[in-house]
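Below is one structure, written out as structure tokens; the observations come after it.
Laboratory data are not the source of any read-out in this text; all were calculated from the coordinates shown. In this text, all values refer to a predicted model and were calculated from it rather than measured experimentally. For neighbour counting, all protein chains shown are included, and Cβ atoms are generated from backbone atoms with ideal geometry for every residue, glycine included.
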Amino acid sequence: MLSEAVKRDIEALRGRYPVAQSALIPALLRVQEEQGWVSPEAMAEVGRLLGLPVEVVAEVASFYTLIFTEPPGRHVVQLCTNVSCMLSGAEAVRERVERALGIRAGQTTPDGRVTLLAVECLAACDQAPCMIVDQQRHGPLSPEEAARLVEELD
Amino acid sequence: MAEPVLLRYVREPDQGEIEAYERRGGYAALRRALRELSPDQVTDLVDRSQLRGRGGAGFPTGRKWKFVPKDAPVKYLVVNADEGEPGTFKDRTLLEGDPHLLVEGIALAAYANGVRTAYVYIRREFYEARRKLETAIAQAYQRGYLGQRILGTDFSLDVYVHPGAGAYIAGEETALLESLEGRRAMPRLKPPYFPAVMGLYSKPTVLNNVETLCCVPWIVREGPEWWLQQGPPQLYSVSGHVDRPQVVEAPLGTTARELIERAGGVRGGRQVKAFYPGGTSSRPLPARHLDVPLRHEELAQLGSMLGSAAVIVMDETTDMVKVIARVCEFYRDESCGKCTPCREGTVWVTQILDRILHGRGRPEDLDLLASLARNMTGTCFCPLGESVPPSLRAGLEDFREEFEAYIRAAREPVSMPVRLHLGAPAPGG
């Protein structure tokens with residue numbers, strides 16, 4: 001169930017556009033801010049609020065990598081693996097972080113603590129190799145610094 | 001070295017505050033335009049500045065604005081803040097360092113084009129940039145630079161920040177419009193070629209990149225002649241094997257050698273092997289081109305492009321096969337899947353590169369890659385799939401011996417007849 005606050009915000013988002021569907025992606029992200037992901041029930045409810053069939057909501061939600069249609073861990077780590085970071089040692093950072101968490105990129109730790117994502121260019125090549133932990137960007141990172149950052153997450 | 005223009009204040013910690021921005025001359029251009037200039041005069045200044053879009057395509061901004069029909073009752077301005085071309089980080093630098101510069105650029109562009117509603121499409125990962133931009137927009141509303149009857153004139157403008165949700169393809173302008181309309185970010189069929197004629201909600205739409213709009217307040221304030229005298233100023237994102245990767249502001253047409261020097265030189269004092277001049281969609285160039293002016297015309301002559309002016313530097317130790325394979329993987333993962341040559345071509349190319357890298361390359365693979373590169377060119381709705389061939393061509397022409405070395409060293413060289421007849425009808429079919 002969506003909270004009253006989320007419903008109010010989605011209503012407000014809808015008012016920004018002449019066409020309700022434009023509010024869909026911002027609405028899904030708003031749901032995710034509160035619930036961590038977008039469940040099938042949430043999709044249906046967002047669809048009702050915006051007057052869209054649930055298939056349309058699901059079609060859009062499944063296209064975008066940062067709309068989670070499965071629950072991620074409590075923390076989401078986005079590790080850049082694109083060229084500038086790769087040239088600056090991102091492969092070693094990735095291996096070290098995977099070892100620290102005991103998972104591979106794309107997985108969530110069994111205790112639900114961290115989801116690790118190998119992502120494309122974060123537009124922070126001046127901080128290569130870089131990663132974003134939840135909403136905070138870090139870099140340039142040595143493998144040890146990166147491992148420490150993910151180990152400190154509760 | 002001349003004083004930077006676009007980056008002049010990005011390192012001032014208070015630049016995101018409206019008082020500081022105003023104290024340093026901010027919003028003077030908007031005041032001047034609203035008091036003294038007609039919308040057409042603003043467009044004319046931009047046209048005379050010879051400003052070209054900084055998102056990648058390099059289309060002349062003034063000309064783009066002139067395509068917008070004057071009498072259309074509803075028009076939109078959309079700002080592309082979906083910076084995602086690998087190696088590019090100048091828009092993020094501007095958004096985080098000088099967000100009011102963009103807000104003022106938005107207001108000027110909206111005034112010039114008779115727009116009342118603007119959307120800033122900002123990629124999801126720009127958390128800090130978005131916070132700074134939203135603060136700047138709120139402050140601009142409070143001070144009367146946005147909203148109803150701006151500075152007491154008849155000009156009104158609302159600006160909304162619209163988040164993306166993780167899709168490189170949304171940086172392509174028609175895919176961005178699809179995404180902004182709440183759909184999958186899949187490029188539209190062209191024609192119509194220009195959103196200026198038919199864009200958001202099928203209405204005339206001005207679509208500009210962040211850096212492009214950040215140039216506009218300076219052009220309006222100081223004039224197009226001054227602007228051209230400054231270089232014109234161009235932001236180059238310099239990264240990879242340099243000592244201090246950073247956004248370098250330099251006159252358009254600066255060479256890679258000079259940019260690398262400004263970024264602290266090559267890491268470890270090594271030599272350059274190659275560099276991408278305009279992001280990974282441009283053709284990477286071998287070191288013998290270090291003294292070519294990085295400008296649209298010269299780079300086009302080399303089969304490359306200025307693109308987003310992201311200079312990715314690779315030193316002599318770089319494995320070009322690995323780099324090119326990584327670049328192709330990126331486009332494979334980011335292909336939206338709409339057009340077959342891009343969706344399938346990127347998969348085939350990466351499969352071939354993967355087996356070359358893993359000691360299973362075949363002698364005929366290089367011809368196969370060349371054939372795939374031909375068939376991915378000019379066959380899709382948008383340039384994403386077409387971003388793969390430039391890297392492949394450079395690999396096959398300038399770094400061929402590296403590919404051949406992998407294939408020669410293949411543990412079990414298995415030669416197979418090539419049965420794919422790409423681009424020609426299959427025999428009997």
- Query: Looking at the protein assembly as shown, what % of its DSSP beta bridges pair antiparallel, to the nearest 5?
  - Reply: 45 percent
- Protection-proxy order for peptides B:96-102, B:184-190, A:80-86, each taking the mean of Cβ atoms within 10 Å per residue, highest first: A:80-86, B:96-102, B:184-190
- Query: Going by how many other Cβ atoms sit within 10 Å of their own, how do A:1, B:198 line up, fewest first?
  - Reply: A:1, B:198
- Note on the structure: In Å, the Kirkwood estimate of hydrodynamic radius for the protein assembly as shown over Cα pairs equals 24.8 Å
- Query: Could you give the radius of gyration (one decimal) and Dmax (whole number) of the Cα atoms in chain A, in Å?
  - Reply: 17.5, 50
- Message: Please report the net charge: other residues with Cβ closer than 14 Å to the Cβ of residue A:91, K and R +1, D and E -1.
- Response: +2
- Restricting to lysines and to Cα separations under 18 Å from residue B:338, and discarding same-chain partners fewer than 8 apart, the set is B:190
- Task: Taking each pair of different alpha-carbon atoms in the stretch B:322-375 once, compute 1/r for the pair, average those values, and report the inverse of that mean as the Kirkwood hydrodynamic radius in Å to one decimal.
- Result: 11.3 Å
- Message: Suppose a student asked you for the relative contact order of the stretch A:16-154, using Cα pairs under 8 Å spaced at least 6 residues apart; what percent would you report?
- Response: 22 percent
- Query: So which lysines can residue B:132 reach, going by Cα to Cα under 28 Å and dropping same-chain residues fewer than 8 places off?
  - Reply: A:7, B:75, B:90
- Relative to the longest principal axis of the C-alpha atoms of chain B, give the angle of the C-alpha long axis of helix B:210-222, reported between 0 and 90° and rounded to the nearest 10°. 40 degrees
- Query: Per the helix-only calculation at 222 nm, which mean residue ellipticity applies to chain B, given -39500 (n - 2.57) for every DSSP H run of n ≥ 4 and division by its residues, nearest 500 deg cm²/dmol?
  - Reply: -12000 deg cm²/dmol
- Proximal charge balance of residue B:352 [Cβ under 13 Å; K/R count +1, D/E count -1]: -2
- Round to the nearest 0.05 the FRET efficiency obtained for residue B:148 and residue B:298 when R0 = 51 Å and r is the Cβ-Cβ distance. 0.60
- Report, in deg cm²/dmol and to the nearest 500, the calculated mean residue ellipticity at 222 nm for chain A, where each DSSP H run with n ≥ 4 adds -39500 (n - 2.57) and the sum is divided by the residue count. -13000 deg cm²/dmol
- Message: Can you bin every Cα-Cα distance in the stretch A:4-63 into 10 Å intervals starting at zero and give me the percent of pairs per bin, rounded to whole numbers?
- Response: 25, 62, 12
- Task: Once every Cα of the stretch A:75-151 carries one equal point scatterer and solvent is ignored, give the base-10 log of I(q)/I(0) from the Debye formula at q = 0.16, 0.22 Å⁻¹, two decimals.
- Result: -0.45, -0.88
- Item | 10 Å Cβ neighbours from other chains, averaged over peptide B:160-169 | 6
- Message: Could you sort the peptides B:77-85, A:38-46 by per-residue average Cβ neighbour count (10 Å cutoff), highest mean leading?
- Response: B:77-85, A:38-46
- Cα to Cα, under 19 Å, and not fewer than 8 places away if on the same chain: which aspartates and glutamates meet these conditions relative to residue B:66? B:40, B:44, B:47, B:173
- Message: Could you tell me the relative contact order of chain B? Use alpha-carbon pairs under 8 Å, at least six residues apart, and round to a whole percent.
- Response: 15 percent
- Over chain B, what lengths in whole Å, largest first, do the semi-axes of the equivalent ellipsoid take, defined as the square roots of 5 times the eigenvalues of the alpha-carbon gyration tensor? 41, 25, 17
- Task: May I ask for the angle, rounded to the nearest 10°, between helix B:99-113 and the longest principal axis of chain B, with both axes built from Cα atoms and the value confined to 0 to 90°?
- Result: 80 degrees
- 10 Å Cβ neighbours from other chains, averaged over peptide B:235-247: 4
- What net charge is computed for the residues neighbouring residue A:113, neighbours being all others with C-beta under 14 Å from the C-beta of residue A:113, Lys and Arg scored +1, Asp and Glu -1? -4
- Item | Label-zone membership for the stretch B:99-140, site residue B:14, 7 angstrom Cα→C-beta point, backbone N under 18 Å | B:99-101, B:136, B:139-140
